[in-house]
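Peer 1: For reference, the structure I am asking about is given below.
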Amino acid sequence: MTASAPTLAVIGGGQLARMMAQPAIALGLPLRLLAEGEGVSAAQVIPDHYVGDYRDLDTLVKATDGCAVVTFDHEHVPTEHLRALAGSGLAVRPGPEALVHAQDKGVMREAISRLGLPNPRYAAVGSLSEIEDFGFPCVLKRTRGGYDGKGVWVVRTAAECEAPLASAAASAVELLAEELVDFRRELSALVARSPSGQAAAYPVVESTQRDGICHEVVAPAPGLDPDLAGRAQELALRVAGALDVTGILAVELFETADGRLLVNELAMRPHNTGHWTQDGAVTSQFENHLRAVMDLPLGSPAARAPWTVMVNILGGAAETGRLYDGFPHALARDPHLRVHLYGKELRPGRKVGHVNAYGADLDDCLERARHAAAWFGGDLGDESE
């Protein structure tokens, strides 16, 4: 009998951990999950799972016992707990000194500045007077704990600062003021990096946000100057190397009207802007994340088709029936469509799945992906074709 492969622990039971399961099966890689509750997205497909609080060190130690490596579905595990796990001999990937740059926006901004890379103008602020000194309009961000538009406010007057200041005070986190960038569009540069230093860069994509939530992604970014695309990939690779990132790194960028790039956010895990890779790239971001954290050779990030469009499926205002009931229409209408559901309860605005459409014609891919996502989300009424 051959020895089993080393076990990889994954902290967090959301859809990102769920989508690691399929490539893990192909790689013969056992997964151990620490989930927030029974029946959450990833716990439905990863049998070896614990249920507990990732903020509790004893729980983390028990959940990772016997594992060779630990990685993450989210960035919220306390930094001091990550250091304790690493100190016990467990391979934490990405490590705490890297992951803190995705956990704390203030730390991230300072690191990007030290590297001489392009930031928006920013400053730490703790009072209304400091915000006024920074100048309106601006964006206020909680340095920790925000995601999908939560903990982010666009403020244009002193009165609009009341809520963010109260939120920061209540949760004992700092606020960051950033200039309100007049950007042409948002881009994302996704790279994978292994402990041995091998790295792979995916095509740069364009993302569209609605209410702070990623709505759709087009790969590659239409009309992007090849030189600018290369600069974006080089920037992401430089960040990954300088911060010693292991796994997937997503660098969200603003492209300005005059052709500049500004760093917006960092994520050190598979990312919504990389979901297109499941069907549109030779190696998905999920497989390359697993390969990277286990220090296996990385797979090709090359695109399989000229265009791939990813559109998120969001819960509607009033939900009836099941998401599964959308399959007969969507798959009959488009046999090439790829649908990924997360096993989540429907709630208004919640990400419950996504669709990928790929092909040689961008407009066709956009129409197919948008139609399918709207159908699953209940936005097309009783339309049938």
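Peer 1: Given 273, 283, which one is assigned to a helix (DSSP H, G or I), at pLDDT 95 or above, under 26 Å from residue 24 (Cβ atoms) and of a type in the set (Ser, Thr, Tyr)?
Peer 2: One residue alone meets the criteria, 273.
Peer 1: Checking residue 268 against (1) under 21 Å from residue 362 (Cβ atoms); (2) within 13 Å of the chain's Cα centre (by Cα), only one condition comes out false. Which one?
Peer 2: Failing condition for residue 268: (1).
Peer 1: Moving on. Based on what the data block shows, is residue 70 touching a Leu at 6+ places or on another chain (Cβ under 8 Å), in a strand (DSSP E or B) and either in the same structural domain as residue 244 (by TED's automatic domain parsing) or closer than 23 Å to residue 244 by Cα (or both)?
Peer 2: Spelling it out, residue 70 is indeed touching a Leu at 6+ places or on another chain (Cβ under 8 Å), in a strand (DSSP E or B) and either in the same structural domain as residue 244 (by TED's automatic domain parsing) or closer than 23 Å to residue 244 by Cα (or both).
Peer 1: When you scan segment 337-363, how many residues do you find that are surrounded by 13 or more Cβ atoms within 10 Å (Cβ to Cβ) and either part of a strand (DSSP E or B) or touching a Gly at 6+ places or on another chain (Cβ under 7 Å) (or both)?
Peer 2: 17
Peer 1: Look through 288, 312 and report the one residue that is within 27 Å of residue 7 (Cβ to Cβ), in the same structural domain as residue 347 (by TED's automatic domain parsing), within 22 Å of the chain's Cα centre (by Cα) and crowded, with 18+ Cβ neighbours inside 10 Å.
Peer 2: From the options 288, 312, the qualifying one is 288.
Peer 1: Shifting gears a bit: I'd like to verify a number: residues in segment 321-338 that are touching a residue at least 12 places away in the same chain (Cβ under 8 Å) and over 12 Å from residue 375 (Cα atoms), how many?
Peer 2: Here the count works out to 4.
Peer 1: While we're here: In segment 104-114, what residues are in contact (Cβ under 8 Å) with a residue 40 or more places away in the chain and either among the basic types (Lys, Arg) or surrounded by fewer than 15 Cβ atoms within 10 Å (Cβ to Cβ) (or both)?
Peer 2: Result: 105, 109.
Peer 1: Only residues that are surrounded by 21 or more Cβ atoms within 10 Å (Cβ to Cβ) and acidic (Asp, Glu): list them for segment 253-267, please.
Peer 2: 255
Peer 1: Follow-up question, since we're still on this one. Mind telling me which of the residues 154, 125, 139 ends up being buried (at least 20 other Cβ atoms within 10 Å of the Cβ) and modelled with pLDDT of 95 or more?
Peer 2: 125
Here's the yes/no breakdown for (1) more than 20 Å from residue 253 (Cβ to Cβ); (2) assigned to a helix (DSSP H, G or I); (3) free of Cβ contacts under 8 Å to residues at least 60 places away in the same chain:
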residue: 98; (1), (2), (3): no, yes, no
residue: 120; (1), (2), (3): no, no, no
residue: 153; (1), (2), (3): yes, no, yes
residue: 160; (1), (2), (3): yes, yes, yes
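Peer 1: Within the group 51, 45, which residue is under 22 Å from the mean Cα position of the chain (by Cα), surrounded by fewer than 22 Cβ atoms within 10 Å (Cβ to Cβ) and either charged (D, E, K, R) or more than 27 Å from residue 266 (Cα to Cα) (or both)?
Peer 2: After applying the criteria, what remains is 45.
The values are calculated or read from the model by the stated rules, or taken from the named source; none is laboratory data. Nothing here was measured: the structure is a model prediction, and the numbers come from that model. We place every Cβ from the backbone using ideal geometry, glycine too, and count neighbours over all the protein chains shown.
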